[in-house]
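Trainee: For reference, the structure I am asking about is given below.
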Amino acid sequence: MSMSHLYGRRGEEDEEGVEIESFEVTDWDLANEFNPDRRRHRQTKEQATYGIWADRDSDEDERPSFGGKKSKDYTAPVSFVSAGLRKTAAEEKPQQQKGEEGSDDSDDASSAPPAARGIAPKKLQMVKLSQRFAGGIHSGQGIGSWEKHTKGIGQKLLQKMGYQPGKGLGKNAQGIVNPIEAKVRKGKGAVGAYGNERTQQSLQDFPVVDSDEEEEKEFQKELGQWRKDPAGPGGKKKPKYSYRTVDELKAKGKLTGRSTAASAGELAQVKVIDMTGREQKVYYSYSQMTNKHSVPDEGPPSMSTRDQKGSCFALPELEHNLQLLIDLTEQDILQSARRLQHEKDVVVSLSHESRALQSRLDAEQDAIQRMEAVLSLVERFPSGETAPGEGPTLQECARIFETLQTDYYEEYKTMGLADLAVAVVYPLLKEKLHSWDPLKDSSYCLEDVGQWRAILESRDLHSSAPDSNMDPYHRMLWEVWIPVMRSCVSSWQPRFVGPMVDCVEVWAPLLPLWILDHLLEQLILPRLQREVDNWNPLTDTVPIHSWIHPWLPMLQTRLEPLYPPIRSKLSNALQRWHPSDTSARLILQPWKDVFTPGAWEAFMVKNIIPKLALCLEELVINPHQQQMEPFHWVMDWEGMLSPSSLVSLLDKNFFPKWLQVLCSWLSNSPNYEEITKWYLGWKSMFSDILLAQPLIKEKFNEALDIMNRAVSSGIGGYMQPGARENIAYLTQTERRKDFHVAHRGISAGVPTNFKDLIQTKAEENNIVFMPLVAKRHEGKQLYTFGRIVIYIDRGVVFVQGEKTWVPTSLQSLIDMAK
């Protein structure tokens with residue numbers, strides 16, 4: 001903005017007074033202010049120092065020009081250039097109407113600032129030029145005309161996506177049809193300076209009610225509340241009234257925080273002096289003080305207004321009474337509203353309570369009906385007055401209980417109707433089982449009891465003994481079924497084991513675990529013990545295993561108390577036994593897998609092995625006339641005795657005599673062909689298991705060595721031709737067989753060292769063999785072999801004695817561990 005607009009121009013001296021021009025902002029100033037292309041005047045150093053009193057050479061410097069800049073004349077006096085006088089609104093209105101009807105050129109000409117006195121034509125030319133820069137852009141003309149210079153790709157893409165000319169964009173053609181429409185502003189003012197600028201398209205696309213006038217009125221109204229009284233001290237202010245409806249009064253809540261029982265007299269007697277403002281104010285109730293700012297447009301009266309009231313109309317008593325009446329009326333309204341709200345709340349609470357009581361009443365009525373139905377079902381059960389045979393049968397009672405469980409489950413559980421079975425079902429079932437013989441018909445009444453198990457058994461109760469908290473089904477079996485079985489077992493002969501085993505196996509799935517244990521341990525096992533005590537193996541024709549072993553699947557380890565008396569009686573019976581009697585092996589063979597390995601081995605060592613040793617000692621080895629029966633009697637016990645026991649027996653009682661006979665035969669001009677047959681014949685009497693034993697193999701190899709020494713040394717005088725070759729061939733053949741057998745044994749898992757051999761023997765005899773952690777003796781690892789502590793050194797086993805470590809054989813180690 002130029003300095004001439006800020007300060008005006010000094011008038012002629014001969015006129016009356018000094019003429020001062022208006023300082024209003026003209027359209028020309030706005031056009032140049034918002035023109036981005038105008039030439040900005042750079043302030044000189046003198047202008048920054050002296051301001052308007054700086055020297056200027058001409059007025060052209062205040063406007064943009066296209067010519068060269070002239071040098072300023074600093075000798076010329078300071079002068080002021082007038083910007084001209086603004087026309088009045090009455091003069092500008094016809095000119096604006098004329099400018100609107102004309103073309104754009106006339107519009108530019110009409111909007112130019114009025115020519116001021118003293119402004120050169122060049123200055124006016126610059127004004128028009130600047131106005132052309134500011135308002136020369138005609139919006140809305142030629143929009144999209146650039147597409148005629150292209151191939152029209154935008155229009156084609158829109159048509160491919162479904163666009164139809166003349167319709168809106170989008171799926172439902174709800175978009176704007178035309179591009180954004182621009183509207184040319186009438187003058188050069190800011191946005192909104194010439195009223196509403198919305199176009200017809202904007203009103204169609206966004207039909208929003210234009211409330212500019214209402215906003216303007218609201219703004220003027222708010223502005224007038226804080227403006228000073230325009231009438232001045234002498235003017236008369238128009239009175240303003242404030243109205244409040246009942247709803248507004250209720251929303252305001254005058255009685256919040258105050259007791260509703262406060263009387264009107266107490267409110268009237270309260271006097272409040274407010275000294276928080278610029279002057280002291282007196283209120284006659286707290287409500288007046290709390291509502292002193294409730295009406296913004298009722299500001300505190302001015303001094304002149306109070307003076308006028310005091311001089312014209314001053315009735316403080318009447319005002320006080322009126323205000324008091326208003327306050328009392330408001331309090332009555334609020335109290336009535338609160339009472340009404342309280343009554344509404346009471347109505348809502350009572351209606352809710354009524355619905356709750358009604359629902360409860362309906363539930364109780366339904367419960368009564370269900371109880372009546374349950375009672376009618378229960379009354380169908382037989383009572384004490386019912387004659388025998390007239391009441392429902394066991395099947396009918398089962399159907400009644402099933403109906404109670406399915407249709408009236410809640411009543412069945414809460415009232416404990418399952419206990420009715422004690423008084424209803426137990427007598428019927430007891431009467432039905434009264435004539436039942438479990439040994440003759442083991443499945444009698446089995447289906448009935450299974451049906452009552454599904455009805456009466458509860459999964460929540462886990463009974464383990466007869467007590468008061470027993471399940472109804474368990475109690476039924478304990479009071480009805482167990483007495484029948486107790487009487488049956490008491491008269492049962494344990495040697496007739498089949499019917500009783502069948503009965504227990506049939507009923508076991510229906511019996512609880514504790515009842516089955518009671519039957520086996522308290523009823524059947526004592527009968528077996530008494531029968532074992534009465535058993536005599538010498539006189540009884542029925543083998544004991546025939547009536548003891550059928551109970552093994554059910555009794556299992558419970559039969560172990562019977563085994564010691566059985567072994568004792570068998571041991572007594574074997575005192576006069578001879579190996580030629582095969583009945584002993586038939587009696588003992590079924591018990592081999594029943595007794596524990598240690599107990600069985602001990603029994604064999606005590607009762608059988610000494611008899612077999614005597615039999616081998618009595619055996620006469622005669623190559624010319626050999627009696628093989630005693631040897632067969634011993635070898636028949638091979639499956640009964642452990643391999644180690646049998647090898648030890650043969651080593652002590654057979655091989656010494658057999659090798660001695662061989663040596664004596666070789667020393668008396670023998671026939672080596674017969675010796676070879678004799679050797680092979682005896683070796684064929686041993687099984688592959690025995691031949692695989694190292695000790696047996698060693699004895700036969702010793703026999704081969706004796707024969708080889710005899711052939712090579714020529715002992716015995718005359719030697720048959722080819723005898724040496726035959727013995728050498730026999731030796732080579734036997735060694736080759738041993739090698740193949742050993743090779744197969746290694747490939748089949750035969751231990752390759754002494755430790756693995758001990759491990760294998762321990763597994764065969766069910767003996768624990770394991771190393772002791774962090775336990776050594778002279779650098780050797782200690783092991784536990786059963787309960788014995790051992791260590792291995794160079795293929796020798798050392799056993800811990802009382803004071804020192806003692807070497808022992810593997811068989812002795814196994815015997816000690818057992």
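The values are calculated or read from the model by the stated rules, or taken from the named source; none is laboratory data. Here the structure is a predicted model, which means the values were calculated and not measured. Note that we place each Cβ from the backbone using ideal geometry, even for glycine, and neighbour counts take in every protein chain shown. Only protein heavy atoms, including side chains, enter the accessible area calculation; ligands, DNA and RNA are left aside. Shrake-Rupley method; radii C 1.70, N 1.55, O 1.52, S 1.80 Å.
Trainee: For segment 196-225, enumerate the residues that are modelled with pLDDT of 75 or more and assigned to a loop (DSSP other than H, G, I, E, B).
Mentor: Listed by number, the residues that qualify are 196, 197, 198, 199.
Trainee: Here's another thing I want to ask about it. Could you check segment 610-625 and list, in sequence order, the residues that are surrounded by 12 or more Cβ atoms within 10 Å (Cβ to Cβ) and assigned to a loop (DSSP other than H, G, I, E, B)?
Mentor: Result: 619, 621, 623.
Trainee: Could I ask something else about it? Right, residue 632: over 23 Å from residue 767 (Cα atoms) and assigned to a loop (DSSP other than H, G, I, E, B) or not? Working first, answer last.
Mentor: Values: over 23 Å from residue 767 (Cα atoms): yes; assigned to a loop (DSSP other than H, G, I, E, B): no.
No; evaluated as a whole, the condition is false for this residue.
Trainee: Considering only segment 403-414, state which residues are more than 12 Å from residue 378 (Cα to Cα) and either open to solvent by 50 Å² or more (accessible area, probe 1.4 Å) or among the β-branched types (Val, Ile, Thr) (or both).
Mentor: Within segment 403-414, 406, 407, 409, 410, 413, 414 meet the criteria.
Trainee: Which of the residues belonging to segment 418-461 are under 27 Å from residue 372 (Cα atoms), aliphatic (A, V, I, L, M) and within 40 Å of the chain's Cα centre (by Cα)?
Mentor: Selection gives 418, 454, 455, 456.
Trainee: Just checking, does segment 591-603 include any residue being of a type in the set (Phe, Trp, Tyr), more than 21 Å from residue 816 (Cα to Cα), open to solvent by less than 30 Å² (accessible area, probe 1.4 Å) and in contact with a His (Cβ under 8 Å, 6 or more places away or on another chain)?
Mentor: The first filter runs over segment 591-603 and keeps only residues of a type in the set (Phe, Trp, Tyr), leaving 591, 595, 600, 603.
Narrowing further to those that are more than 21 Å from residue 816 (Cα to Cα): 591.
Filter once more, keeping what is open to solvent by less than 30 Å² (accessible area, probe 1.4 Å): 591.
Narrowing further to those that are in contact with a His (Cβ under 8 Å, 6 or more places away or on another chain): 591.
Checked against the condition, which is being of a type in the set (Phe, Trp, Tyr), more than 21 Å from residue 816 (Cα to Cα), open to solvent by less than 30 Å² (accessible area, probe 1.4 Å) and in contact with a His (Cβ under 8 Å, 6 or more places away or on another chain), segment 591-603 yields at least one hit.
Trainee: Taking interchain pairs and intrachain pairs at least six residues apart, which have beta carbon atoms under 6 angstrom, with the first residue in segment 654-667 and β-branched (Val, Ile, Thr) and the second crowded, with 16+ Cβ neighbours inside 10 Å and outside any helix (DSSP H, G or I)?
Mentor: Matching pairs, first to second residue: 661/621.
Trainee: Which pairs have Cβ atoms under 6 Å, sit 6 or more apart or on different chains, and link a residue in segment 483-511 that is under 14 Å from residue 441 (Cα atoms) to one that is of a type in the set (A, V, I, L, M)?
Mentor: 484/433; 499/439
Trainee: Determine, yes or no, whether residue 556 is at pLDDT 90 or above and either open to solvent by 60 Å² or more (accessible area, probe 1.4 Å) or not hydrophobic (A, V, I, L, M, F, W, C) (or both).
Mentor: On the way: at pLDDT 90 or above: no; either open to solvent by 60 Å² or more (accessible area, probe 1.4 Å) or not hydrophobic (A, V, I, L, M, F, W, C) (or both): yes.
In short, no.
Trainee: Let me ask you something else. Condition first: in a strand (DSSP E or B) and over 15 Å from residue 757 (Cα atoms). Now tell me which residues in segment 772-783 satisfy that.
Mentor: The first filter runs over segment 772-783 and keeps only residues in a strand (DSSP E or B), leaving 772-777, 780-783.
772, 773, 774, 775, 776, 777, 780, 781, 782 - these are the residues of segment 772-783 that are in a strand (DSSP E or B) and over 15 Å from residue 757 (Cα atoms).
Trainee: Follow-up question, since we're still on this one. Out of curiosity, is residue 677 at pLDDT 90 or above and exposed (fewer than 15 other Cβ atoms within 10 Å of the Cβ)? So that I can check it myself, show each step before the final result.
Mentor: Numbers: at pLDDT 90 or above: no; exposed (fewer than 15 other Cβ atoms within 10 Å of the Cβ): yes.
No.
Trainee: Kindly indicate whether any position in segment 509-519 is assigned to a loop (DSSP other than H, G, I, E, B), among the hydrophobic types (A, V, I, L, M, F, W, C) and open to solvent by less than 40 Å² (accessible area, probe 1.4 Å). Talk me through it step by step, then tell me what you get.
Mentor: Just the residues of segment 509-519 that are assigned to a loop (DSSP other than H, G, I, E, B), to begin with: 511-512.
Among the residues that remain, those that are also among the hydrophobic types (A, V, I, L, M, F, W, C) are: 511.
Now drop any that are not open to solvent by less than 40 Å² (accessible area, probe 1.4 Å), which leaves 511.
The answer is yes, given that some residue of segment 509-519 is assigned to a loop (DSSP other than H, G, I, E, B), among the hydrophobic types (A, V, I, L, M, F, W, C) and open to solvent by less than 40 Å² (accessible area, probe 1.4 Å).
Trainee: Of (1) open to solvent by 30 Å² or more (accessible area, probe 1.4 Å); (2) closer than 30 Å to residue 566 by Cβ; (3) in a helix (DSSP H, G or I), residue 536 satisfies all except one. Which?
Mentor: The number of the failed condition is (3).
Trainee: Same structure again: Hey, can you tell me all the residues within segment 619-650 that are over 26 Å from residue 674 (Cβ atoms) and of a type in the set (Asp, Glu)?
Mentor: Answer for segment 619-650, where residues must be over 26 Å from residue 674 (Cβ atoms) and of a type in the set (Asp, Glu): 636, 638.
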